[in-house]
Amino acid sequence: MDLSKIRKELIYPFCRIESKRLLQKFHERPRTLKEVVHAAMDFGGHGYLRVKTMQIRSEILQLAEIVAEIQPKTILEIGTHRGGTLFIWAHIASELVVSCDIIDMRRQEWLFTKFPPPSSRCEVKLLSGNSHDPAFFQRVRNVLAERLVDFLFIDGDHTEEGVSQDYQMYKDLVRPGGLIAFHDIVDNQPYETNQVQFFWKKLKKIADVVEIIENPNQTGFGIGVLRVPAEGAPDLH
Ligand SMILES: C[S@@+](CC[C@H](N)C(=O)[O-])C[C@H]1O[C@@H](n2cnc3c(N)ncnc32)[C@H](O)[C@@H]1O
């Protein structure tokens, strides 16, 4: 076990107490969407329970507003990481949020499943595994239990092959009129393995899309949104 992992394990009981207090305070009164997004940017906490997004504030706020407009019952996310965007979806969806990550989220589950506000009936389910694995896809389907999703956020594997595979595998779980969003669509990317922009260029040629980009010259980030037509999201082969 590496040193940072040992440290995380040692401080975990204290982090639980701190995180519980932070979340209770946040849930003391109803929050606006702007407040939710602001909090999700860097909610605080330490170790396994540090909650924050990997997003630009203006971009994720705009996406949250577009998603809230369709009054989603069910949201599916690929890429939980530190639970920042999950925190937002848990305040918007009325019934279910399923968030998936290849990382084992058992340490975080205790906190992340408490994200919906006290007035909400929304349930949060975390699934750990590789989104590209057909057995994992089946687990997602089992949790959804025949429901179609109103909004799918793809923010997992950022290689062109990875994001294409997530899109092809999960797109038909989204209802007509629902939304699919992709993170990191801008051309300048900080890492070679960030290749969502190549996938996005192909998709936007054949689909009804919106781009949310704070600054066209920025490095990284940028969100692409596809509205699913009546005949379903297009194939990209
Ligand atoms: C950019 S982070 C997600 C950030 C999060 N949506 C936010 O902004 O709050 C990407 C996450 O995707 C996960 N991931 C990468 N490849 C994956 C895969 N094949 N299946 C599931 N999760 C994956 C990583 O472990 C990482 O936690």
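The values are calculated or read from the model by the stated rules, or taken from the named source; none is laboratory data. Keep in mind the model is a prediction, meaning the values are calculated, not measured. As a convention, Cβ positions derive from the backbone with ideal geometry for all residues, glycine included, and neighbour counts pool all protein chains shown. Ligands, DNA and RNA are excluded from the accessible area calculation, which covers all protein heavy atoms including side chains. Shrake-Rupley method; radii C 1.70, N 1.55, O 1.52, S 1.80 Å.
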**OP:** Give the calculated FRET efficiency between A68 and E146 to the nearest 0.05, with a Förster radius of 30 Å applied to their Cβ-Cβ distance.
**Re:** 0.75
**OP:** Give me the Debye-computed log₁₀ of I(q)/I(0) at q = 0.08, 0.09 Å⁻¹ for segment 3-227, equal point scatterers on Cα only, no solvent, two decimals.
**Re:** -0.27, -0.34
**OP:** Please tell me the relative contact order of segment 3-227 in percent, rounded to the nearest whole number, where contacts are Cα pairs under 8 Å and at least six residues apart.
**Re:** 16 percent
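Give me the number: length gained by fully extending S119 to E231, i.e. 0.36 nm times residue separation minus the C-alpha to C-alpha distance, one decimal in nm. It would help to have the intermediate numbers written out before the result.
Details: separation 112, 0.36 × 112 = 40.32 nm, distance 3.54 nm.
Difference between extended and current length: 36.8 nm.
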Subject >> segment 102-168 versus segment 1-42: alpha-carbon centroid distance in Å >> reply: 20 Å
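Where only protein heavy atoms count, and the probe is 1.4 Å, what is the accessible area per residue for segment 93-140 in Å²? Spell out each step's value before the answer.
Values: 2360 Å² over 48 residues.
Accessible area per residue: 49 Å².
How large a share of the accessible area of the chain, in percent, is made up of carbon and sulfur atoms when the probe is 1.4 Å and the other protein chains stay in place?
Values: 6150 of 11930 Å².
Here it works out to 52 percent.
When only DSSP loop residues count, what chymotrypsin sites (Phe, Trp or Tyr not before Pro) in segment 167-196 have their Cβ near at most 15 other Cβ atoms within 10 Å? Don't skip to the answer; put the middle values down first.
Working: sites: Y167, Y170, F182, Y191; in loops: Y191.
When the chymotrypsin sites (Phe, Trp or Tyr not before Pro) of segment 167-196 are filtered for loop state and at most 15 Cβ neighbours within 10 Å, Y191 remain.
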Original post:
Of the beta bridges DSSP finds with both residues in segment 3-227, what % are antiparallel, to the nearest 5?
Top reply: 35 percent
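Which percentage, to the nearest 5, of the DSSP beta bridges contained in segment 141-237 is antiparallel? It would help to have the intermediate numbers written out before the result.
Working: 9 of 14 bridges.
Restricted to segment 141-237, the bridges split so that about 65 percent are antiparallel.
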Original post:
Taking Cα pairs under 8 Å and at least six residues apart, what relative contact order does segment 76-175 come out at, in percent?
Top reply: 30 percent
Subject >> Residue-span extension gain [D2 to I103] - 0.36 nm each, minus C-alpha spacing >> reply: 34.7 nm
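Scan the chain and note any complete DSSP helix (H) whose C-alpha atoms cover at least 24 Å along its axis and whose Kyte-Doolittle average is -0.5 or more.
On the way: long enough: 3-26 (32 Å, -0.30).
Going by DSSP H runs, the hits are 3-26.
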